[in-house]
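The values are calculated or read from the model by the stated rules, or taken from the named source; none is laboratory data. These numbers come from a predicted model, not from an experiment. All Cβ positions, glycine included, derive from the backbone under ideal geometry; neighbour counts span all protein chains shown. Accessible surface areas use protein heavy atoms only, side chains included; no ligands, DNA or RNA. Shrake-Rupley method; radii C 1.70, N 1.55, O 1.52, S 1.80 Å.
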Amino acid sequence: MPNHYDLLLIGAGHAHLGVLRRWALLERPPGRIALLSAGPAAWYSGMLPGLLAGRHNPADCQVELQPLCRAAKVELIVSPVASLSAPQQRVQLEDGRSLSASWLSLNVGARVACPPQQGEAMQLLAVKPFDAFLNRWQQWQAEPQPLAILGGGAAGVELALALAGQVPQLALFCAGPLLDGLSAGVRLRALGHLRQRGVLVREYCPIERIEGDCLLSGATPVWRGQRLLLASGAQALPWLAHSGLGCDEQGFVLIAPTLQSYGHPTIFAVGDCASLPGARKSGVYAVRQAPVLAANLNAALRGLPLKRYHPQRQSLALLATGDGGALLDWHGYSAGGQFYGRWKDYLDRGFIQRHRL
Ligand SMILES: Cc1cc2nc3c(=O)[nH]c(=O)nc-3n(C[C@H](O)[C@H](O)[C@H](O)COP(=O)(O)OP(=O)(O)OC[C@H]3O[C@@H](n4cnc5c(N)ncnc54)[C@H](O)[C@@H]3O)c2cc1C
(Lines give C-alpha, C1' and ligand atoms only; values in the text may rest on other atoms or scores of the structure.)
Protein backbone atom coordinates (compact mmCIF):
# COMPACT_ATOMS: atom_id res chain seq x y z
CA MET A 1 0.00 0.00 0.00
CA PRO A 2 1.72 3.23 -1.11
CA ASN A 3 0.21 5.35 1.68
CA HIS A 4 0.87 2.90 4.50
CA TYR A 5 3.89 3.20 6.80
CA ASP A 6 5.23 1.04 9.59
CA LEU A 7 5.80 4.20 11.63
CA LEU A 8 4.85 7.85 11.21
CA LEU A 9 6.64 10.43 13.36
CA ILE A 10 4.27 13.40 13.51
CA GLY A 11 5.85 16.80 14.22
CA ALA A 12 9.52 17.79 14.29
CA GLY A 13 9.54 18.57 18.01
CA HIS A 14 12.55 18.32 20.33
CA ALA A 15 12.01 14.61 21.08
CA HIS A 16 11.66 13.52 17.45
CA LEU A 17 14.85 15.41 16.56
CA GLY A 18 16.61 13.38 19.27
CA VAL A 19 15.06 10.14 17.98
CA LEU A 20 16.24 10.84 14.40
CA ARG A 21 19.74 11.71 15.62
CA ARG A 22 19.99 8.46 17.57
CA TRP A 23 18.75 6.42 14.61
CA ALA A 24 21.21 8.17 12.31
CA LEU A 25 24.13 7.40 14.62
CA LEU A 26 23.01 4.02 15.98
CA GLU A 27 20.52 1.46 14.76
CA ARG A 28 17.24 2.46 13.14
CA PRO A 29 14.18 0.21 13.58
CA PRO A 30 13.15 -1.90 10.57
CA GLY A 31 10.36 -0.85 8.20
CA ARG A 32 9.04 2.15 6.29
CA ILE A 33 9.25 5.29 8.42
CA ALA A 34 8.37 8.93 7.66
CA LEU A 35 8.54 12.23 9.55
CA LEU A 36 5.57 14.56 8.98
CA SER A 37 6.57 18.16 9.51
CA ALA A 38 4.78 21.48 9.09
CA GLY A 39 7.95 22.95 7.54
CA PRO A 40 11.36 21.91 6.14
CA ALA A 41 13.19 23.02 9.31
CA ALA A 42 12.57 22.83 13.07
CA TRP A 43 12.97 26.00 15.14
CA TYR A 44 14.75 25.76 18.48
CA SER A 45 12.65 27.88 20.87
CA GLY A 46 15.50 28.36 23.36
CA MET A 47 17.27 30.61 20.80
CA LEU A 48 14.23 32.64 19.72
CA PRO A 49 14.75 35.39 22.35
CA GLY A 50 18.39 35.72 21.21
CA LEU A 51 17.22 35.94 17.60
CA LEU A 52 14.77 38.73 18.48
CA ALA A 53 17.45 40.54 20.47
CA GLY A 54 19.62 40.51 17.32
CA ARG A 55 22.19 38.12 18.81
CA HIS A 56 21.54 35.15 16.47
CA ASN A 57 20.72 34.72 12.79
CA PRO A 58 17.61 32.73 11.81
CA ALA A 59 19.82 29.97 10.35
CA ASP A 60 21.56 29.56 13.76
CA CYS A 61 18.24 28.71 15.42
CA GLN A 62 16.91 25.98 13.12
CA VAL A 63 17.65 22.37 12.28
CA GLU A 64 17.24 21.49 8.59
CA LEU A 65 15.22 18.29 8.53
CA GLN A 66 16.21 16.79 5.17
CA PRO A 67 19.86 15.97 6.09
CA LEU A 68 18.80 14.56 9.47
CA CYS A 69 16.07 12.40 7.90
CA ARG A 70 18.39 11.23 5.13
CA ALA A 71 21.00 10.15 7.70
CA ALA A 72 18.32 8.29 9.69
CA LYS A 73 16.87 6.76 6.48
CA VAL A 74 13.51 8.30 7.22
CA GLU A 75 11.29 9.86 4.54
CA LEU A 76 10.48 13.56 5.13
CA ILE A 77 6.95 14.70 4.26
CA VAL A 78 6.46 18.45 4.56
CA SER A 79 2.79 19.26 5.12
CA PRO A 80 0.94 20.13 8.32
CA VAL A 81 -1.33 17.46 9.73
CA ALA A 82 -4.99 18.51 9.54
CA SER A 83 -6.50 15.66 11.54
CA LEU A 84 -5.81 12.26 13.07
CA SER A 85 -8.06 9.25 13.52
CA ALA A 86 -6.64 7.10 16.31
CA PRO A 87 -9.00 4.12 15.75
CA GLN A 88 -8.04 3.99 12.05
CA GLN A 89 -4.38 4.91 12.66
CA ARG A 90 -4.82 7.44 9.84
CA VAL A 91 -3.56 10.96 9.34
CA GLN A 92 -5.07 13.58 7.03
CA LEU A 93 -2.59 16.14 5.72
CA GLU A 94 -3.43 19.72 4.81
CA ASP A 95 -2.23 19.05 1.25
CA GLY A 96 -5.03 16.47 0.85
CA ARG A 97 -3.01 13.29 1.31
CA SER A 98 -4.18 10.61 3.70
CA LEU A 99 -1.59 8.29 5.30
CA SER A 100 -1.96 5.30 7.60
CA ALA A 101 0.58 3.59 9.85
CA SER A 102 0.94 0.57 12.11
CA TRP A 103 2.63 2.81 14.73
CA LEU A 104 2.38 6.57 15.28
CA SER A 105 4.37 8.98 17.43
CA LEU A 106 3.14 12.50 18.20
CA ASN A 107 5.52 15.37 19.04
CA VAL A 108 3.54 18.36 17.77
CA GLY A 109 3.95 20.75 20.70
CA ALA A 110 1.17 23.11 21.74
CA ARG A 111 -0.28 26.45 20.72
CA VAL A 112 -0.56 29.61 22.80
CA ALA A 113 -3.68 30.48 24.81
CA CYS A 114 -5.63 33.61 23.82
CA PRO A 115 -8.38 35.46 25.73
CA PRO A 116 -11.66 36.09 23.89
CA GLN A 117 -11.58 39.20 21.69
CA GLN A 118 -14.33 41.65 20.72
CA GLY A 119 -13.60 43.90 17.78
CA GLU A 120 -10.40 44.07 15.75
CA ALA A 121 -8.78 47.23 17.08
CA MET A 122 -6.02 45.19 18.74
CA GLN A 123 -3.73 43.05 16.60
CA LEU A 124 -2.78 39.76 18.25
CA LEU A 125 0.39 37.83 17.55
CA ALA A 126 1.01 34.38 19.04
CA VAL A 127 4.63 33.44 19.60
CA LYS A 128 3.94 30.02 18.03
CA PRO A 129 4.18 28.83 15.28
CA PHE A 130 7.55 30.54 15.02
CA ASP A 131 7.59 31.05 11.22
CA ALA A 132 4.32 32.96 11.27
CA PHE A 133 5.38 34.86 14.37
CA LEU A 134 8.73 36.00 12.93
CA ASN A 135 7.20 37.10 9.61
CA ARG A 136 4.58 39.21 11.32
CA TRP A 137 7.04 40.55 13.90
CA GLN A 138 9.22 41.89 11.08
CA GLN A 139 6.20 43.73 9.69
CA TRP A 140 5.42 45.15 13.13
CA GLN A 141 8.98 46.29 13.56
CA ALA A 142 8.81 48.34 10.37
CA GLU A 143 6.57 50.65 12.40
CA PRO A 144 7.20 50.13 16.16
CA GLN A 145 4.27 50.82 18.50
CA PRO A 146 3.58 50.25 22.23
CA LEU A 147 3.30 46.53 22.95
CA ALA A 148 1.82 44.33 25.64
CA ILE A 149 2.97 40.76 26.27
CA LEU A 150 0.66 38.22 27.84
CA GLY A 151 2.43 35.56 29.89
CA GLY A 152 4.83 35.89 32.79
CA GLY A 153 6.49 32.51 32.39
CA ALA A 154 10.01 31.98 31.09
CA ALA A 155 8.99 32.66 27.47
CA GLY A 156 7.17 35.94 28.30
CA VAL A 157 10.05 37.22 30.43
CA GLU A 158 12.71 36.34 27.84
CA LEU A 159 10.67 37.97 25.08
CA ALA A 160 10.11 41.13 27.14
CA LEU A 161 13.83 41.42 27.86
CA ALA A 162 14.69 40.78 24.20
CA LEU A 163 12.20 43.35 22.90
CA ALA A 164 12.56 46.13 25.51
CA GLY A 165 14.16 49.04 23.72
CA GLN A 166 12.80 47.93 20.33
CA VAL A 167 9.29 49.31 21.01
CA PRO A 168 8.31 52.70 22.49
CA GLN A 169 6.54 51.12 25.51
CA LEU A 170 6.33 47.57 26.81
CA ALA A 171 3.99 46.02 29.39
CA LEU A 172 4.07 42.42 30.65
CA PHE A 173 0.94 40.82 32.14
CA CYS A 174 0.83 37.64 34.20
CA ALA A 175 -2.11 35.92 35.87
CA GLY A 176 -0.08 35.02 38.98
CA PRO A 177 3.43 35.89 40.15
CA LEU A 178 6.16 36.40 37.58
CA LEU A 179 8.04 33.13 36.83
CA ASP A 180 5.67 31.08 38.95
CA GLY A 181 7.34 27.80 39.95
CA LEU A 182 10.89 29.16 39.80
CA SER A 183 12.84 30.37 42.86
CA ALA A 184 12.18 33.69 44.58
CA GLY A 185 15.77 34.68 43.78
CA VAL A 186 15.43 34.33 40.02
CA ARG A 187 12.06 36.09 40.17
CA LEU A 188 13.59 39.11 41.91
CA ARG A 189 16.48 39.18 39.47
CA ALA A 190 14.07 39.06 36.53
CA LEU A 191 11.95 41.86 38.02
CA GLY A 192 15.10 43.94 38.45
CA HIS A 193 16.11 43.45 34.78
CA LEU A 194 12.60 44.23 33.56
CA ARG A 195 12.34 47.42 35.64
CA GLN A 196 15.80 48.52 34.53
CA ARG A 197 14.66 48.21 30.89
CA GLY A 198 11.49 50.18 31.56
CA VAL A 199 9.09 47.22 31.19
CA LEU A 200 5.85 47.72 33.12
CA VAL A 201 5.21 44.42 34.95
CA ARG A 202 1.66 43.63 36.11
CA GLU A 203 1.60 40.47 38.29
CA TYR A 204 -1.66 38.84 39.48
CA CYS A 205 -3.45 40.53 36.61
CA PRO A 206 -5.21 37.86 34.53
CA ILE A 207 -6.43 39.23 31.19
CA GLU A 208 -9.89 37.83 30.71
CA ARG A 209 -11.09 39.71 27.62
CA ILE A 210 -9.94 42.02 24.87
CA GLU A 211 -12.46 44.69 23.96
CA GLY A 212 -11.49 47.00 21.13
CA ASP A 213 -8.07 48.39 21.98
CA CYS A 214 -8.39 47.53 25.67
CA LEU A 215 -7.20 44.61 27.84
CA LEU A 216 -9.62 43.81 30.65
CA SER A 217 -8.85 42.07 33.92
CA GLY A 218 -12.27 41.25 35.33
CA ALA A 219 -14.21 44.38 34.42
CA THR A 220 -11.19 46.67 34.88
CA PRO A 221 -9.40 48.11 31.83
CA VAL A 222 -5.66 47.62 32.45
CA TRP A 223 -3.99 48.52 29.16
CA ARG A 224 -4.82 50.29 25.92
CA GLY A 225 -2.94 49.78 22.70
CA GLN A 226 -2.98 48.11 19.34
CA ARG A 227 -0.49 45.28 19.62
CA LEU A 228 -0.53 42.23 21.87
CA LEU A 229 2.01 39.39 21.91
CA LEU A 230 0.67 36.10 23.23
CA ALA A 231 3.21 34.05 25.19
CA SER A 232 0.85 32.63 27.79
CA GLY A 233 0.56 28.96 28.75
CA ALA A 234 0.43 25.96 26.45
CA GLN A 235 -2.94 25.06 24.92
CA ALA A 236 -3.58 21.72 23.21
CA LEU A 237 -3.90 21.59 19.41
CA PRO A 238 -7.65 21.16 18.74
CA TRP A 239 -7.31 18.16 16.39
CA LEU A 240 -5.86 16.01 19.22
CA ALA A 241 -9.13 16.13 21.20
CA HIS A 242 -11.03 15.07 18.06
CA SER A 243 -8.66 12.19 17.28
CA GLY A 244 -10.29 9.59 19.52
CA LEU A 245 -7.19 9.54 21.77
CA GLY A 246 -7.70 9.72 25.53
CA CYS A 247 -6.95 13.31 26.53
CA ASP A 248 -6.86 15.19 29.85
CA GLU A 249 -9.39 17.98 30.54
CA GLN A 250 -7.16 20.46 28.67
CA GLY A 251 -6.96 18.28 25.55
CA PHE A 252 -3.41 16.93 25.96
CA VAL A 253 -2.86 13.23 25.14
CA LEU A 254 -2.78 11.08 28.27
CA ILE A 255 0.26 8.81 28.20
CA ALA A 256 1.70 5.98 30.29
CA PRO A 257 5.34 5.99 31.48
CA THR A 258 6.22 3.98 28.33
CA LEU A 259 5.07 7.14 26.44
CA GLN A 260 2.18 5.19 24.86
CA SER A 261 -1.32 6.62 24.75
CA TYR A 262 -3.72 4.98 27.19
CA GLY A 263 -6.29 3.09 25.11
CA HIS A 264 -4.18 3.28 21.91
CA PRO A 265 -0.83 1.70 22.75
CA THR A 266 0.22 1.78 19.07
CA ILE A 267 0.33 5.59 19.38
CA PHE A 268 3.08 7.32 21.33
CA ALA A 269 2.98 10.99 22.37
CA VAL A 270 5.75 13.15 23.86
CA GLY A 271 6.65 16.74 24.70
CA ASP A 272 4.10 19.51 25.20
CA CYS A 273 1.27 17.65 23.39
CA ALA A 274 1.34 14.84 25.97
CA SER A 275 0.09 14.67 29.55
CA LEU A 276 2.06 12.64 32.11
CA PRO A 277 2.25 13.39 35.85
CA GLY A 278 5.59 15.04 36.68
CA ALA A 279 6.50 15.93 33.08
CA ARG A 280 6.38 19.70 32.66
CA LYS A 281 5.58 21.46 29.41
CA SER A 282 9.08 22.58 28.53
CA GLY A 283 11.70 21.76 25.93
CA VAL A 284 13.99 20.28 28.60
CA TYR A 285 11.46 17.51 29.35
CA ALA A 286 10.83 16.81 25.66
CA VAL A 287 14.59 16.47 25.08
CA ARG A 288 14.90 14.00 27.98
CA GLN A 289 12.09 11.86 26.54
CA ALA A 290 14.01 11.36 23.27
CA PRO A 291 16.26 8.42 24.34
CA VAL A 292 13.34 6.50 25.86
CA LEU A 293 11.14 7.20 22.83
CA ALA A 294 13.89 6.13 20.38
CA ALA A 295 14.41 2.89 22.32
CA ASN A 296 10.67 2.22 22.66
CA LEU A 297 9.84 2.83 19.00
CA ASN A 298 12.71 0.50 18.09
CA ALA A 299 11.44 -2.12 20.55
CA ALA A 300 7.80 -1.72 19.41
CA LEU A 301 8.69 -2.33 15.76
CA ARG A 302 10.72 -5.41 16.75
CA GLY A 303 8.16 -6.78 19.24
CA LEU A 304 10.45 -6.29 22.26
CA PRO A 305 9.59 -5.01 25.79
CA LEU A 306 9.41 -1.23 26.36
CA LYS A 307 11.27 1.04 28.83
CA ARG A 308 9.68 3.49 31.26
CA TYR A 309 10.38 7.22 31.27
CA HIS A 310 10.78 8.90 34.67
CA PRO A 311 10.51 12.72 34.55
CA GLN A 312 13.37 14.45 36.37
CA ARG A 313 12.26 16.19 39.58
CA GLN A 314 14.27 19.36 38.90
CA SER A 315 15.37 21.02 35.75
CA LEU A 316 17.93 23.71 35.06
CA ALA A 317 16.40 26.98 33.83
CA LEU A 318 18.56 29.51 31.99
CA LEU A 319 16.66 32.63 30.94
CA ALA A 320 18.22 35.01 28.42
CA THR A 321 18.23 38.62 29.63
CA GLY A 322 18.51 40.11 26.14
CA ASP A 323 21.93 41.70 26.77
CA GLY A 324 24.02 38.56 26.27
CA GLY A 325 23.55 37.51 29.90
CA ALA A 326 21.22 34.97 31.48
CA LEU A 327 19.55 34.12 34.78
CA LEU A 328 20.05 30.68 36.25
CA ASP A 329 17.62 28.76 38.42
CA TRP A 330 18.62 25.38 39.83
CA HIS A 331 17.22 23.62 42.90
CA GLY A 332 16.17 26.96 44.46
CA TYR A 333 19.60 28.50 43.75
CA SER A 334 19.65 31.56 41.50
CA ALA A 335 22.41 33.52 39.80
CA GLY A 336 22.79 35.82 36.83
CA GLY A 337 25.27 37.54 34.54
CA GLN A 338 27.24 37.34 31.31
CA PHE A 339 28.91 34.06 32.29
CA TYR A 340 25.50 32.31 32.37
CA GLY A 341 24.61 33.90 29.03
CA ARG A 342 27.73 32.41 27.46
CA TRP A 343 26.91 29.06 29.04
CA LYS A 344 23.34 29.23 27.65
CA ASP A 345 24.69 30.06 24.18
CA TYR A 346 27.08 27.12 24.42
CA LEU A 347 24.26 24.71 25.37
CA ASP A 348 21.86 26.10 22.73
CA ARG A 349 24.42 26.01 19.93
CA GLY A 350 25.38 22.50 21.08
CA PHE A 351 21.76 21.38 20.63
CA ILE A 352 21.68 22.71 17.06
CA GLN A 353 25.11 21.25 16.21
CA ARG A 354 24.19 17.79 17.53
CA HIS A 355 21.29 17.65 15.08
CA ARG A 356 23.31 18.87 12.10
CA LEU A 357 24.92 15.55 11.40
C1 LIG B 1 10.08 32.20 23.33
C2 LIG B 1 10.15 30.84 23.95
C3 LIG B 1 11.31 30.45 24.60
C4 LIG B 1 11.38 29.20 25.21
N5 LIG B 1 12.55 28.85 25.81
C6 LIG B 1 12.64 27.64 26.38
C7 LIG B 1 13.86 27.24 27.00
O8 LIG B 1 14.85 27.98 27.01
N9 LIG B 1 13.91 26.01 27.57
C10 LIG B 1 12.82 25.17 27.56
O11 LIG B 1 12.92 24.06 28.09
N12 LIG B 1 11.66 25.52 26.99
C13 LIG B 1 11.54 26.73 26.40
N14 LIG B 1 10.37 27.09 25.81
C15 LIG B 1 9.23 26.15 25.80
C16 LIG B 1 9.44 25.21 24.65
O17 LIG B 1 9.39 25.92 23.44
C18 LIG B 1 8.39 24.13 24.55
O19 LIG B 1 8.07 23.62 25.80
C20 LIG B 1 9.01 23.03 23.69
O21 LIG B 1 9.27 23.54 22.40
C22 LIG B 1 8.10 21.84 23.58
O23 LIG B 1 8.78 20.92 22.77
P24 LIG B 1 8.00 19.88 21.91
O25 LIG B 1 9.03 18.92 21.44
O26 LIG B 1 6.84 19.33 22.66
O27 LIG B 1 7.34 20.68 20.71
P28 LIG B 1 7.89 21.84 19.79
O29 LIG B 1 9.33 22.11 19.98
O30 LIG B 1 6.93 22.97 19.95
O31 LIG B 1 7.75 21.21 18.35
C32 LIG B 1 6.50 20.86 17.81
C33 LIG B 1 6.69 20.64 16.34
O34 LIG B 1 5.47 20.16 15.79
C35 LIG B 1 5.19 20.86 14.62
N36 LIG B 1 3.74 20.88 14.39
C37 LIG B 1 2.79 21.54 15.09
N38 LIG B 1 1.59 21.30 14.56
C39 LIG B 1 1.80 20.47 13.52
C40 LIG B 1 0.94 19.87 12.56
N41 LIG B 1 -0.39 20.08 12.57
N42 LIG B 1 1.49 19.08 11.62
C43 LIG B 1 2.83 18.85 11.58
N44 LIG B 1 3.68 19.39 12.46
C45 LIG B 1 3.17 20.19 13.40
C46 LIG B 1 5.76 22.26 14.84
O47 LIG B 1 5.97 22.89 13.60
C48 LIG B 1 7.03 21.92 15.58
O49 LIG B 1 8.08 21.65 14.68
C50 LIG B 1 10.27 28.34 25.17
C51 LIG B 1 9.10 28.72 24.51
C52 LIG B 1 9.03 29.95 23.91
C53 LIG B 1 7.76 30.35 23.20
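Here are a few things to note about the model shown:
- Residue in segment 295-305 that is modelled with pLDDT of 95 or more and within 12 Å of the ligand (Cβ to nearest atom) present: no
- The conditions of being open to solvent by less than 40 Å² (accessible area, probe 1.4 Å) and touching a helix residue (DSSP H, G or I) at 6+ places or on another chain (Cβ under 6 Å) are met by residue 53.
- Residue ID - surrounded by the most Cβ atoms within 10 Å (Cβ to Cβ), chosen from residues in segment 310-347 that are of a type in the set (Phe, Trp, Tyr) and within 13 Å of the ligand (Cβ to nearest atom): 340
- Applying the set (1) in contact (Cβ under 8 Å) with a residue 60 or more places away in the chain; (2) under 23 Å from residue 64 (Cα atoms); (3) open to solvent by less than 10 Å² (accessible area, probe 1.4 Å) to residue 147 leaves exactly one unmet item: (2).
- Here residue 270 fulfils each of the conditions (1) within 22 Å of residue 61 (Cα to Cα); (2) in contact with a Leu (Cβ under 8 Å, 6 or more places away or on another chain); (3) open to solvent by less than 10 Å² (accessible area, probe 1.4 Å); (4) free of Cβ contacts under 8 Å to residues at least 60 places away in the same chain apart from (4).
- The residue that is nearest to residue 215 (Cα to Cα), among those in segment 89-117 that are touching a Gly at 6+ places or on another chain (Cβ under 9 Å) and within 14 Å of the ligand (Cβ to nearest atom), is 113.
- Scanning segment 274-294 for residues that are under 19 Å from residue 237 (Cβ atoms) and near the ligand (Cβ under 6 Å from one of its atoms) returns 281, 282, 283, 286.
- Strands (runs of 3 or more DSSP E) (entirely within segment 308-357) containing at least 1 residues that are within 18 Å of the chain's Cα centre (by Cα) and among the basic types (Lys, Arg): none
- Every condition in (1) at pLDDT below 95; (2) within 16 Å of the ligand (Cβ to nearest atom); (3) not assigned by TED's automatic domain parsing to the domain that holds residue 286 holds for residue 229 except the one numbered (1).
- Filtering 88, 123, 62 for residues that are assigned by TED's automatic domain parsing to the domain that holds residue 166 and open to solvent by 30 Å² or more (accessible area, probe 1.4 Å) leaves a single hit, 123.
- Single residue of segment 26-43 satisfying the filter (more than 16 Å from the ligand (Cβ to nearest atom) and of a type outside the set (A, V, I, L, M, F, W, C)) that is least open to solvent (accessible area, probe 1.4 Å): 29
- In the set (1) modelled with pLDDT under 95; (2) assigned to a loop (DSSP other than H, G, I, E, B), the condition left unmet by residue 257 is number (1).
- Scanning segment 68-82 for residues that are open to solvent by 50 Å² or more (accessible area, probe 1.4 Å) and either under 22 Å from residue 244 (Cβ atoms) or more than 13 Å from the ligand (Cβ to nearest atom) (or both) turns up 70, 73, 75.
- If only residues of segment 232-267 that are of a type in the set (A, V, I, L, M), more than 10 Å from the ligand (Cβ to nearest atom) and under 20 Å from the mean Cα position of the chain (by Cα) are counted, the one that is surrounded by the most Cβ atoms within 10 Å (Cβ to Cβ) is 253.
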